[in-house]
Amino acid sequence: MNQRSEIDELFFRLMGYCPKKAGEAYEIISAAALGIIRNQSAEHNKYLQGLSGGRPYQLDGLLNGETMVESKDYTIDDRKVGRPDLQKLQGALTDLPQIKDGIFTSATEYSRDALKYAQGTETNEAQKEITTVDVRPSTPEDEKGRILKIHVTMNYSAPDFDRGTTSFIFVDGAKKMIEDYMRSHGMSEYNFGTDVLYDENGNFLKTIADLSRENQPKFTDDDDYVNGEFPIDAYIKFCEILVPIKGIAYTDVPIARGKEDFVIEMRGNATILIKSDKLGVNKLITDVDLKNAIQNML
């Protein structure tokens, strides 16, 4: 390639090399950027056979296997994308039944006739819809008025069960089951602990931590402690026996309160602007996100 465009230079800075074919760097960047903003799988340089036969069509990009992407980098000779460019895309779309619609990306602007033609494809039943999208290197001017960094302060409060007191609420006769077992086995004292609850057949039901998360107690800003219970029909395993309970009581559980500060900001530096009124998109894409998308696509 004798002369590199601004897009080629951007691609080289991102990836450390530049594709040999003219315009290929822009094709790759466009497909990757569209994949990001549409959250769709993106492919580059795909070939599909048309109904008319002959040589397969070369697609600059393919989104989700159904949207054809055509990309033109006219930055070197500084000219706009014209109506013939879009008509050529429409010819391919009409001949490819597996393709639903098309997206045309331009690193420069579109002529008035080109925009009018694209708009006409929205209502022409004989054609497939073409959406025009601007994909170009971003400038400092593009960043004005955008939120690039958000400072967040999060205040939290939650019961700290580790610092409170909890106990099982046994059904009638359950404590006697434990006492009888200990007596029959000559046990005068036994250290017992569990964090698992079972059903009547001894199958795992849930953990006590799960039970507490599912039944968080209500409290106000004025409360320093909470008291209450988590009702449940379940069993605990004591040595070899299943002992029925009807809940877990908690008392004097302190309310832990705190504050966390953090920042939400873009990863990397703004590199590409992708804009389309029809898609409702006006987004800056950073070098980090674009490079990752390209690496995942190629």
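The values are calculated or read from the model by the stated rules, or taken from the named source; none is laboratory data. Everything quoted here is computed from the prediction, not taken from an experiment. Methodologically, a virtual Cβ is constructed for each residue, glycine included, from the backbone with ideal geometry; neighbour enumeration extends over all protein chains shown. When the accessible area is computed, the model is the full protein with side chains, heavy atoms only, and any ligands, DNA or RNA have been set aside. Shrake-Rupley method; radii C 1.70, N 1.55, O 1.52, S 1.80 Å.
Sorting the segments 8-20, 206-218 by their residues' average number of neighbouring beta-carbon atoms within 10 angstrom, most packed first, yields 8-20, 206-218. Carbon-plus-sulfur fraction of the accessible area of the chain, 1.4 Å probe, in percent? Here carbon and sulfur together make up 45 percent of the probe-accessible area.
Each other residue within a Cβ distance under 15 Å of Leu96 adds +1 if Lys or Arg and -1 if Asp or Glu, for a net charge of -2. Charge tally around Asp224: other residues with Cβ under 14 Å, Lys/Arg +1 each, Asp/Glu -1 each, net -3. Rolling a 1.4 Å probe across the protein heavy atoms gives the chain an accessible surface of 59 Å² per residue.
Normalised by the number of residues in the chain, the mean separation of alpha-carbon contacts (under 8 Å, six or more apart) gives a relative contact order of 17 percent. If R0 is taken as 51 Å, the Cβ-Cβ distance between Lys237 and Asn64 corresponds to a FRET efficiency of 0.50.
Translational diffusion of the stretch 2-147 was estimated from the Stokes-Einstein equation, with Rh taken as the Kirkwood radius over Cα pairs; at 10 °C and 1.306 mPa s the coefficient is 99 µm²/s. Panel note: the C-alpha atoms of the chain, placed on their principal axes, show extents of 94, 47, 40 Å (largest first). Scaled against the 2.2 N^0.38 Å expected of a compact globular protein of N residues, the Cα radius of gyration of the stretch 95-187 reads 2.87. In whole Å, how far is the Cα centre of the stretch 224-257 from that of the stretch 31-54? Using only Cα atoms to place each centre, the spacing works out to 57 Å. Exceedance of the 31 Å cut-off in Cα-Cα distance is limited, within the set Lys20/Lys275; Lys176/Lys218; Lys80/Lys278; Lys20/Lys278; Lys80/Lys149; Lys218/Lys283, to Lys176/Lys218; Lys20/Lys278; Lys80/Lys149; Lys218/Lys283.
In summary, the aspartates and glutamates within cross-link reach of Lys175, defined as a Cα separation below 16 angstrom excluding same-chain residues under 8 places away, comprise Glu189, Asp233, Glu240.
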